[in-house]
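Enquirer: This is the structure, below, for whatever I ask next.
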Amino acid sequence: MFRKWKKKKLLYLIPLLLPVVALGLFFGLRQRPSALGGSLRCETYADVTAESGASAKAARGRKDTAAAESVTAETAETVESAAQKVSIYLCGAVVHPAVYEVPKGARLHEVLTLAGGFSENAAQDAVNLAAVVEDGSMVRVPTVEEAVRGTAEVLAEESAGSGKVDLNRADKEALMRLPGVGERKAEQILAYRKAHGKFKSTEEIKKIPGIKEKAFEKLKDSITVSE
């Protein structure tokens, strides 16, 4: 009797268990795609993060390269700029005697402007303001007294019969007394002296156009230079 009742009970329970098993299988199958989707999302996020990092690194690399190129360009520009400048020592009867750095090809009057102009007692016609300044040169502007005294000393030396003309003190008339030196060459000697300062030696006169070795041989016993 009991066995019949048990079999009968199982027959009633089977229809009830079938929906439960079906629901379990249904929810189990739904959870598996979710896990797969989560894995895919993680992998996708990792790829995006890696790409973002690579892009940022590449951008930093381009920025560093651009900065390095900028520094190199600035250095090259500085070197080139320095090569295009010359230094000249302007002294004597000027407001601010000093060494001035000016662009290559500058004229003496531009340097004089930087120096504040002539002082009150300057012999303004004693220097050639149109001369192009040379790197490492010195130009001394004499005072009126110095210019007058220089001419007087030249005349005194000649009157004493020294027989030599001082290239650093002679005026146009005194220079024209030299053998082979006419008015034009005398003016060129004065212009050179104004632009470059005193002659360092008698041989420096060979830098004047038209005065070469042969002409110098005729002049060397008639000229001298003073400090």
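Bear in mind these aren't lab numbers, they're just calculated from the coordinates by the rules spelled out. The structure displayed is predicted, hence computed values, not measured ones. Cβ atoms come from the backbone with ideal geometry, glycine included; neighbour counts cover every protein chain shown.
Enquirer: Please list, ordered by chain and number, the residues whose modelled amide H lies under 5 Å from the amide H of V165; skip anything fewer than 5 residues away on the same chain.
Expert: Here the answer is I223, T224, since their amide H atoms fall under 5 Å of that of V165.
Enquirer: Amide H of V141 versus every other amide H placed in the peptide plane: which residues, excluding those fewer than 5 positions away on the same chain, fall under 5 Å?
Expert: HN-HN under 5 Å from V141: C91, G92, A93.
Enquirer: Give me the net charge of L129's neighbourhood, meaning all other residues with Cβ under 10 Å from the Cβ of L129; Lys, Arg count +1, Asp, Glu -1.
Expert: Charge balance near L129 sits at 0.
Enquirer: My understanding is that a pair violates if its Cα-Cα distance is over 26 Å; which of K200/K220; K104/K172; K85/K220; K185/K218; K85/K207; K85/K214 do that in this structure?
Expert: K104/K172; K85/K220; K85/K214
Enquirer: What is the spin-label model distance, in nm, from D135 to A191 if the labels are put 7 Å beyond Cα along the C-beta direction?
Expert: For the pair D135/A191, the computed spacing is 2.4 nm.
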